[in-house]
Amino acid sequence: MQTRVFIADDHTLMREGLRSLLAVQANISVVGAAEVAERMVFSEDAPGGKPLHELLSARETQVLALLAAGKGIKEIARELELSPKTASTYKTRVMEKLKVESDAELFRYAITHQIAR
C-alpha cells in the first residue's frame, strides 16, 4: 500500500530534505509541497468560494478590524459603546467563524486578508 505525503514547511531546505529522505522509501510518495503552511490553513473558504471573514456580521467585522489594528477588548468596548464582556463575546464568535484558535492566528488571518482600520 502506497502512503501519499504532502510536505508543508516554511523553509525550502527543510522541504527539500524531507522530499529527499522520503524519495528512497518504496512505500511513500510525495504528492506535493507548500511553501507556507499558513496558505493551506487560511485558504479554506466559506461556501460559495467566499473568504471566511465575509460570513461575519457587521459588528463582528468591526471588532475584527479593531483587533487587527492592535486594540484590546477594553478599547474596543469603549469605541463601540459595548460592555467588555460583549466585546469579548464578539471576539470569540469571530475566532470561531474564522476557525482560528489563538490571537496570533487571528492577527495572521487579518494580515493575510488585509483587514485593518
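Every read-out reported here was derived from the displayed coordinates using simple, explicitly stated rules and does not represent laboratory data. A quick note: this is a predicted structure, and the numbers were derived from the prediction, not measured. Note that each Cβ is placed from the backbone with ideal geometry, even for glycine, and that neighbours are counted across all protein chains shown.
Results, tabulated for the structure shown:
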item	result
Reported label for calculated Cα extents along the principal axes in Å given [x] 48, 35, 17; [y] 59, 39, 22; [z] 62, 29, 22	[z]
Residue-span extension gain [Ala23 to Glu75] - 0.36 nm each, minus C-alpha spacing	13.4 nm
Virtual spin-label span in nm between Lys85 and Val5, 7 Å along Cα→Cβ	5.1
In sequence order, calculated HN-Hα J values of region 90-96 (Karplus, 6.51, -1.76, 1.60; Hz; x Gly/Pro)	4, 4, 4, 5, 4, 5, 5
Which of Lys99, Lys91 has the fewest Cβ neighbours within 10 Å, and the rest in rising order	Lys99, Lys91
Nearest-20 debye value, the chain charge dipole, Cβ charges on Lys, Arg, Asp, Glu	260
Prolate/oblate/rounded call for region 52-112, Cα gyration tensor, a/c under 1.5 rounded	prolate
